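Take a look at the structure set out below.
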Amino acid sequence: MATNIIRCAKPQEASFLSDLALRSKGYWGYDSEFLSNCKKELTYNESQILSSNYSFKVAESIEQHIVGFFILDFTESKKPQLEALFIEPDFIGLGWGKRLLGAAISLAKQRQAQCITLQSDPFAEDFYLANGAKKVGSKESHSIQGRFLPLLEICL
C-alpha cells in the first residue's frame with residue numbers, strides 16, 4: 001500500500017526544489033521584483049544536496065509528487081539551522097509543513113543537536129511559534145537589504 005513519505009532529496013531534483021521554493025514564497029503575495037531578489041538565496045544545486053553539512057528532505061504524496069521539502073544545515077552540529085521549509089502552494093494548510101518540521105526536529109534529535117535555529121519569513125512566523133519555536137531576535141535578510149526577519153529557535 002502506497003503512503004506519503006519523507007525521503008532524502010536526489011541531486012537531480014535541485015532545480016525542481018529551487019523552483020518550488022520560489023512558488024511557495026510567491027504564495028504570500030510577494031511581487032515579481034521581490035521574488036527576483038530572493039532567487040539567488042532560494043537556488044539550490046547538486047553539490048549542496050550531496051554535502052555532508054546539509055540534509056535535504058522532500059515530502060512526497062501518495063502519487064509520488066514532491067509537495068514540499070526542508071533543508072537542515074548541520075555546519076554547527078549542536079545548533080543546526082533550518083535553512084528552508086517550503087510547501088507547494090496547492091498543499092499549504094494541509095499539514096505538510098507540520099510533518100516536515102516534525103521530521104526536521106526528529107533528524108536534529110537523532111544527531112544530538114540541542115536546538116534548531118531559523119530565520120522565518122514573517123508570514124510563516126506564527127506557524128513556527130505554534131509548533132514550539134520561540135522568538136530570540138531578528139536578523140537582516142540575505143536577499144533584501146534593510147529587511148529584518150524573525151530569528152527563531154526550537155529547543156530539543
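Run down GLY95, GLY146 and say which single residue is in contact with a strand residue (DSSP E or B) (Cβ under 9 Å, 6 or more places away or on another chain) and either among the acidic types (Asp, Glu) or under 30 Å from ASP31 (Cα atoms) (or both). Just one listed residue meets the conditions, GLY146. Residues of segment 121-135 include at least one that is part of a strand (DSSP E or B) and farther than 19 Å from SER24 by Cβ. Would you check which residues across segment 74-97 are modelled with pLDDT of 95 or more and polar (S, T, N, Q) and list them? Residue satisfying the conditions is GLN81 alone.
Just for strands (runs of 3 or more DSSP E) wholly inside segment 1-114: which have at least 2 residues that are surrounded by 15 or more Cβ atoms within 10 Å (Cβ to Cβ) and of a type outside the set (D, E, K, R)?
Counting at least 2 such residues, we get 54-60, 66-73, 81-87.
Within the span defined as segment 134-143, every residue fails to be β-branched (Val, Ile, Thr), on the phi < 0 side of the Ramachandran plot, surrounded by 15 or more Cβ atoms within 10 Å (Cβ to Cβ) and at pLDDT 95 or above.
Scanning segment 16-58 for residues that are under 18 Å from ILE87 (Cβ atoms) and without any contact (Cβ under 8 Å) to a residue 12 or more places away in the chain turns up ASP19, GLY29, TYR30.
The values are calculated or read from the model by the stated rules, or taken from the named source; none is laboratory data. In this text, all values refer to a predicted model and were calculated from it rather than measured experimentally. No Cβ is skipped: glycine too gets one built from the backbone with ideal geometry, and neighbour counts run over all protein chains shown.
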